[in-house]
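*Asks:* Shown below is the structure under consideration.
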Amino acid sequence: MNKADLVVEVAKVVSTKKEAKAAVDCILSTISGALKKKQTVTLIGFGTFKVEKRKARKGRNPKTGEPLKIKAKNVPKFVAGKALKDAV
């Protein structure tokens, strides 16, 4: 399922496809905005979106095999909730 499929499913509940697209876009932008501020977003029964700090580490160039340094960075992480795990 992609974003367009999700909009179609939401449109079955709300009155129009235009409103469904606006709702999906709003949810996704709100979650992205919260993660930019390093906030945690918890959806009870679904899961938790959070930001984790990935440490700097050593890597290797796959073409040449020479070692290189990979910088530390923040990455988004999703942890599935119990209800979602049970459903799957």
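The values are calculated or read from the model by the stated rules, or taken from the named source; none is laboratory data. Because the structure is a prediction, the values reported are computed rather than measured. Note that we place each Cβ from the backbone using ideal geometry, even for glycine, and neighbour counts take in every protein chain shown. Note: areas computed on protein heavy atoms with side chains; ligands, DNA, RNA excluded. Shrake-Rupley method; radii C 1.70, N 1.55, O 1.52, S 1.80 Å.
*Asks:* Per the 1.4 Å probe, what fraction of the accessible area of the range 40-87, in percent, lies on carbon and sulfur atoms?
*Replies:* That share works out to 57 percent.
*Asks:* Continuing with this model, one more query. Per residue, how much accessible surface does the range 40-87 expose to a 1.4 Å probe? Answer in Å², no decimals.
*Replies:* 86
*Asks:* Given a Förster distance of 41 angstrom, what is the FRET efficiency for residue 9 paired with residue 60, based on the Cβ-Cβ distance and rounded to 0.05?
*Replies:* 0.45
*Asks:* A further question on this structure: Filter the GluC sites (Glu not before Pro) in the chain to those in DSSP coil with at most 14 other Cβ atoms within 10 Å of their Cβ, and list the result.
*Replies:* Sparse-neighbourhood loop GluC sites (Glu not before Pro): none present.
*Asks:* What is the angle, in °, between the Cα long axis of helix 17-36 and the longest principal axis of the Cα atoms in the chain? Nearest 10 is fine, range 0 to 90.
*Replies:* Roughly 30 degrees between the two axes.
*Asks:* Could you list, bin by bin from short to long, the percent of Cα-Cα pairs of the chain in 5 Å steps?
*Replies:* So the P(r) values, bin by bin, are 3, 12, 13, 14, 17, 14, 10, 8, 6, 3, 1, 0.
*Asks:* May I pose another question? Any idea how far apart residue 31 and residue 52 come out in nm if each label point goes 7 Å out from Cα toward Cβ?
*Replies:* 1.7
*Asks:* Among the trypsin sites (Lys or Arg not before Pro) in the chain, which ones are in a DSSP loop with at most 13 other Cβ atoms within 10 Å of the Cβ? Mind listing them?
*Replies:* In loop regions of the chain (DSSP not H, G, I, E or B), the sparsely surrounded trypsin sites (Lys or Arg not before Pro) are 12, 37, 38, 55, 63, 71.
*Asks:* Another question about this same structure. Below 8 Å, C-alpha to C-alpha, sequence gap of six or more: please give me the relative contact order for the chain in percent.
*Replies:* Value for the chain: 21 percent.
*Asks:* Throw me the Rg/Rh for the range 40-87, computed over C-alpha atoms with Kirkwood Rh, two decimals.
*Replies:* Here Rg/Rh amounts to 1.26.
*Asks:* Looking at the chain as a GNM with Cα springs under 10 Å, which of 14, 24, 75 has the largest mean-square fluctuation?
*Replies:* Residue with maximal mean-square fluctuation among 14, 24, 75: 14.
*Asks:* Can you give the relative contact order of the range 40-87 as a percent, counting alpha carbon pairs under 8 Å and 6+ residues apart?
*Replies:* Reported as a whole number, the value is 44 percent.
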